[in-house]
Amino acid sequence: MAGRTLATTNSPAERMSMSAPKDAPAPENSIVLYGAEWCPDCRRSKAFLRDQRIEYTYVDLEARPDEVATVLEYNGGKQIIPTIVFPDGSHLAEPSNEELAEKLGLTREAATNTYDVVIVGGGPTGLTTAIYAAREDLSTLVVERSALGGQAGITERLDNYPGFPDGIEGAELADRIARQAARYGVELLSAVAVERIEPRDGAAQVVLSTGQEVSAGAVVVATGSQYRRTNAPGESDLIGAGVHFCATCDGPFYKGATDVTVLGGGNSGLEEGLFLTKFAEHVTVIERGDKPAASKILQTKVAEHAAMDLRLGTALVRFNAGEDGRLTSVTLAGPDGVEYEHETAAVFVFIGLDPNTGWLDGLLDLDERGFIATDRTMATSVPAVFAAGDVRAGSTKQLASAVGEGAAVSLQLRYY
């Protein structure tokens, strides 16, 4: 079963049209959410339904393992949660808040059509920018296509954020920042995407996915990044059936597995690999380079862990499925170029990040990797449009610096 990274298993249109399998139990006059307590996206969907005051029945698959078969049947044999079933028998598999809102027919509109600042993205960068802008008495709107908090909000635990010596759950930190923004009068609009930005004489018009248009004195793009795909043969067919992008979301389903594989020797790969040793008997880390890019501390932890194996100079060739349509092995190429089969129950992919800039459709100048190019004031190539956080070229992709960039860009908004 999967969390946030499985949203691309089907297109939104395909997932919205899915109907219940013939023999699956159909809920009567109630929405049924199948999930698990450790699943961040399940918690997000539950919170969304709760915040919208929509009644639903929750089925905890940890307490009701007999219902796992129902989830498999709804999703064509794939383990995907949350799976949400509606009274008409249709269902959504791991929907975004926006898709869920559309399915429920909820109204999602900004309170007015004019703001001093519109921030695209409700992660730590966007929310921090909003707090500082609101304190400058600027009318501020945050538009988030998913749930407020960004990647930090679905991270199990944050241990390197200043001020929390014992660490803090990502969801709790994200909620604290969002509540602080709301306290300063920031308007927070979630489950709504920005379709495009149209420059207007030193200002901008922002077109929302709902069709609403709002004008802004300035726009900050803080849409962050997402985990990169391998694009190797077999990957797309096996997402949710052995190929994953979130160890926190899906690791618990491999409790007792003989082996799970992590692709990527950077900090994320080794950190998630160490986490997966809580469930699998052995974790194999694959790194195509001749040395891992992770910090020395993480390298030492992995080297000293009896349940972990790091294979350098090794490339992924393809993902292999069994007769049941689930992952059974991967084909790897060793340092000598010779291919061999590695049997594994799952592969968790951590090979870098891609910026969420596709929606900009050529509006702003990007670097060679697709991140937004800015000057030293975080201004982009288009007047009135700024960029900050993970989506910006040159950012460090760390939570503390993401928050710092939010504060820094807000000062540039004042000058602008």
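Counted over all Cα-Cα pairs of segment 61-199, pairs farther apart than 28 Å make up 34 percent. Put simply, the amide H of Ser381, placed in the peptide plane, has neighbours under 5 Å in Asp365, leaving out anything fewer than 5 places away on its chain. Extents of segment 217-294, largest first, come to 56, 30, 28 Å (Cα atoms, principal axes, whole angstrom).
Highest mobility in the GNM of the chain, judged by mean-square fluctuation with C-alpha springs under 10 Å and restricted to Arg44, Arg376, Arg229, is found for Arg376.
Note on Phe164 and Leu411: their simple-model spin labels are 2.5 nm apart, each label 7 Å out from Cα toward Cβ. The GNM of the chain, with springs linking C-alpha atoms under 10 angstrom apart, assigns the highest mean-square fluctuation among Ala181, Ala257, Ala152 to Ala257. Per residue, the chain exposes 45 Å² of solvent-accessible protein surface, assessed with a 1.4 angstrom probe and all protein chains in place.
Projecting the Cα atoms of Ala203, His244, Met308 onto the charge dipole of the chain, computed from C-beta unit charges around the Cα centre, puts Ala203 farthest toward the positive end.
For Glu343 and Asp201, a Förster radius of 56 Å and the Cβ-Cβ distance give a FRET efficiency of 0.35, rounded to the nearest 0.05. The calculated FRET efficiency for Lys397 paired with Arg64, based on their beta-carbon distance and R0 = 30 Å, is about 0.20. Under a 5 Å amide H cut-off, with hydrogens placed 1.01 Å from N, Val317 pairs with Thr331, Leu332, Ala333 among residues at least 5 apart or on other chains.
The percentage of C-alpha pairs in segment 276-363 whose separation is greater than 17 Å is 60%. For the residues Ala218, Ala345, Ala69, a GNM of the chain with alpha-carbon springs under 10 Å puts the largest fluctuation on Ala69. With θ taken as phi - 60° and the Karplus curve 6.51 cos²θ - 1.76 cosθ + 1.60 applied, the whole-hertz 3J(HN,Hα) list for segment 74-90 is 5, 10, x, x, 9, 8, 10, 9, x, 10, 10, 10, 9, x, 7, x, 6 Hz, x standing for glycine and proline. Applying the Karplus relation 6.51 cos²θ - 1.76 cosθ + 1.60 with θ = phi - 60° to segment 349-359 yields 3J(HN,Hα) values of 9, 9, 10, x, 10, 10, x, 8, 10, x, 5 Hz, where x marks Gly and Pro.
Within the accessible area of the chain, what % is carbon and sulfur when the probe is 1.4 Å and the other protein chains stay in place? Carbon-and-sulfur percentage of accessible area, whole number: 47. Counting only Cβ charges, +1 for Lys and Arg and -1 for Asp and Glu, the dipole size of the chain around its Cα centre is about 820 debye.
Given that just one value was derived from the coordinates, which of [x] 23.0, 67; [y] 23.0, 88; [z] 21.8, 63 is Rg and Dmax of the Cα atoms in Å? Recomputing Rg and Dmax of the Cα atoms in Å here picks out [z]. For n ≥ 4 DSSP H runs only, could you compute -39500 (n - 2.57) per run for the chain, divide by its residues and tell me the 222 nm figure to the nearest 500? Taken over the chain, the calculation gives -7000 deg cm²/dmol.
The values are calculated or read from the model by the stated rules, or taken from the named source; none is laboratory data. A quick note: this is a predicted structure, and the numbers were derived from the prediction, not measured. Every residue, glycine as well, gets a Cβ built from its backbone with ideal geometry; the counts of neighbours run over all protein chains shown. The area values use the complete protein model at the heavy-atom level, side chains included, leaving out ligands, DNA and RNA. Shrake-Rupley method; radii C 1.70, N 1.55, O 1.52, S 1.80 Å.
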